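The next block holds one structure in the form of structure tokens; read it before the comments.
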Amino acid sequence: MPKPDSTSSDPWWKRLGGGLVTGAADDDPSGVATYSQVGAQFGYATLWTLVLALPLMIGIQMVSARIGRVTGRGLADNMMRNFPKGLVWSITVLLVVANVINIGADLGAMGAAVNLLIGGPTLLYACILAVVSTALQVYVPFSRYSPILKFLALSLLTYVATVFVIKVPWAEATKGTFIPAFQTTAAYATAIVAILGTTISPYLFSWQAAQEVEEIRDSDEREPLKHADEQAPDAFKRIAIDTSVGMVVSNVVAFFIILTAAVVLHAHGKTDIQSSSEAAEALKPVAGKFAFALFSMGIVGTGMLAVPVLAGATAFTVAGTMRAAYGLEHKPADAKLFYGVLVGSMLVGALLNLTPIDPIKALFWSAVVNGICAVPMMVAIMIIANRPKTMGNHGIGRGLKILGWIATFVMLVAAVVMFATMGKGS
């Protein structure tokens with residue numbers, strides 16, 4: 001009989017779950033906008049940051065997943081059991097604000113992308129996509145919804161395909177990838193911080209830990225490792241594979257988005273891109289209609305993957321902080337607060353598109369809030385992961401400790417740089 005977390009007897013696709021979806025959700029329409037902006041503005045000069053970010057992403061996401069698998073609880077739930085309530089609530093409020101802004105921006109970008117493809121009312125498309133996404137989360141059990149999310153991860157391939165319909169100077173791209181081309185300007189520093197803040201985001205920590213909890217609840221065999229030591233070797237091996245694949249996919253796609261913008265936009269003098277849909281539209285006259293269509297479809301597909309992750313992470317965090325029932329496997333009547341927050345965050349995000357709020361400025365402040373939220377949350381994750389009272393015999397090893405704390409330090413530096421360069425454009 002195969003073990004609960006088998007990594008040898010299952011097909012490779014079944015071994016991937018929370019890590020793959022988390023990594024794919026990292027390339028949401030807001031992330032596409034960020035990567036397009038830096039690619040258009042700086043060409044190949046920021047590609048090296050993705051090489052730096054990859055092991056750090058793997059480290060902190062793997063620690064988050066382990067906490068969920070070992071304890072059978074989400075991050076917020078664990079934080080409430082280990083830290084002062086005021087601190088946890090402060091982090092929760094910041095995460096909710098940043099996530100709702102991101103949801104609104106993503107829905108707006110998805111609506112704009114559909115408009116580019118077929119014409120019609122952008123706001124209506126955004127609202128329809130919001131309703132469809134919400135309905136799937138509320139009415140489809142996690143066991144059936146999880147494969148849908150994994151399937152949507154395939155939409156990331158559109159960004160890879162885009163590169164192969166344009167001519168790439170690979171020598172320059174390779175140099176930019178492995179040889180940092182530092183620029184002593186505030187704009188360049190801001191771009192680096194934006195990339196790190198996009199790739200290492202608080203909602204991703206919450207979501208991946210929560211997916212481990214969902215998998216335990218959905219299985220008749222899996223138990224929290226704190227009470228099932230014999231399941232640990234297979235579980236940790238699966239988490240390592242799943243997380244590594246997910247983060248590699250995330251960074252490879254981010255690499256191709258920056259590369260596309262560098263080749264098509266920066267090289268032709270278009271250095272000021274404000275949104276993902278603007279990036280898609282700018283591709284058409286230079287790279288052709290096919291590249292434009294691929295890029296636009298990618299925005300819709302990744303949005304349908306990322307928006308549920310953002311809303312779900314928000315609901316998991318709030319419900320966990322309030323020690324209420326949480327999880328997509330629950331029926332709405334059994335987890336009213338969880339589903340109320342999920343639906344509410346989607347509704348408020350959609351309504352943001354009906355206000356005069358500038359979505360670009362909103363995303364900027366979302367990045368600021370994420371920068372404030374990420375560091376204390378990462379510190380909390382690293383402390384929890386090393387507490388025997390919480391993790392039992394399954395505290396993280398030396399390698400993950402080093403990666404996790406380096407990631408935390410890098411994000412601290414990024415936050416300091418962000419605040420030091422705010423308001424400076426060059």
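The values are calculated or read from the model by the stated rules, or taken from the named source; none is laboratory data. Just so it is clear, the model here is predicted, and its values are computed rather than measured. Every residue, glycine among them, receives a Cβ derived from its backbone with ideal geometry; neighbour counts consider all protein chains shown. Heavy atoms of the whole protein, side chains included, go into the accessibility calculation; ligands, DNA and RNA do not. Shrake-Rupley method; radii C 1.70, N 1.55, O 1.52, S 1.80 Å.
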Given the options M382, A313, G120, identify the residue whose Cα lies farthest towards the positive end of the charge dipole of the chain (+1 on Cβ of Lys, Arg; -1 on Cβ of Asp, Glu). M382
Given R₀ = 41 Å, FRET efficiency for W89-V168 by Cβ-Cβ distance, to 0.05? 0.30
Taking only the alpha carbons of segment 152-246, the radius of gyration and the largest Cα-Cα distance, Dmax, both in angstrom, are 19.9, 56
Is there a quick way to get the dipole size of the chain? I mean about its Cα centre, with the Cβ of Lys and Arg at +1 and of Asp and Glu at -1; what is the value in debye to the nearest 20? 540
Can you work out the Karplus-derived ³J(HN,Hα) for every residue in segment 49-65? Use 6.51 cos²θ - 1.76 cosθ + 1.60 with θ = phi - 60°, whole Hz, and x for glycine or proline. 5, 6, 5, 5, 6, 4, x, 5, 4, 4, x, 6, 6, 5, 4, 4, 4
Most mobile of P121, P388, P356 per a Gaussian network model of the chain (Cα springs, under 10 Å)? P356
Ignoring ligands, DNA and RNA, what accessible area per residue does the chain give at 1.4 Å, in Å²? 39
Give, as ranges by residue number, the residues of segment 252-284 whose backbone N falls under 20 Å from the point 7 Å along Cα→Cβ of I179. 259, 262-263, 267
Links exceeding 21 Å between C-alpha atoms in this model, out of K85/K389; K226/K389; K167/K270; K284/K361; K237/K401; K226/K401, come to K284/K361
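Given a cut-off of under 8 Å on Cα pairs at least six residues apart, what relative contact order in percent is computed for segment 242-364?
15
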Cα axis of helix 202-218 to longest principal axis of the chain: angle in degrees, 0 to 90, nearest 10? 40
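With the contact rule set at Cα under 8 Å and sequence spacing of 6 or more, what percent relative contact order holds for the chain? Show your work: numbers first, answer last.
Working: 738 pairs, mean separation 163.6, N = 426.
Relative contact order comes out at 38 percent.
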May I ask you to evaluate 6.51 cos²θ - 1.76 cosθ + 1.60, the Karplus curve with θ = phi - 60°, for each residue of segment 79-85 and list the ³J(HN,Hα) values in order in whole Hz, giving x for glycine and proline? 5, 5, 7, 10, 9, x, 4
Nothing charged except the Cβ atoms of Lys and Arg (+1) and of Asp and Glu (-1): what's the magnitude of the dipole of segment 248-386 about its Cα centre? Round to the nearest 20 debye. 100
³J(HN,Hα) computed for each position of segment 251-261 - Karplus, 6.51 cos²θ - 1.76 cosθ + 1.60, integer Hz, glycine/proline x: 6, 5, 5, 4, 4, 5, 5, 4, 4, 4, 5
All other residues with a Cβ under 15 Å from the Cβ of P202 taken together, and with Lys, Arg as +1 and Asp, Glu as -1, what is their net charge? -2
Based solely on C-alpha atoms, express the radius of gyration and the Dmax of segment 221-321 in angstrom. 19.9, 59
Of the residues G298, Q183, N102, the Cα lying farthest along the dipole of the chain towards its positive end, which is defined by charges on the beta carbon of Lys, Arg, Asp and Glu, belongs to Q183
What share of Cα pairs, in percent, lie more than 19 angstrom apart in segment 292-362? 48
Relative contact order (percent, whole number), segment 369-426, Cα cutoff 8 Å, 6+ residue spacing: 39
Tally up the carbon and sulfur contribution to the accessible surface of segment 311-426 as a whole percent, 1.4 Å probe, everything protein left in place. 71
If you work out Cα extents along the principal axes in Å from the coordinates, which of [x] 94, 54, 41; [y] 59, 45, 44; [z] 65, 62, 42 do you get? [y]
Neighbourhood net charge (14 Å Cβ-Cβ; Lys/Arg +1, Asp/Glu -1) for L54: -2
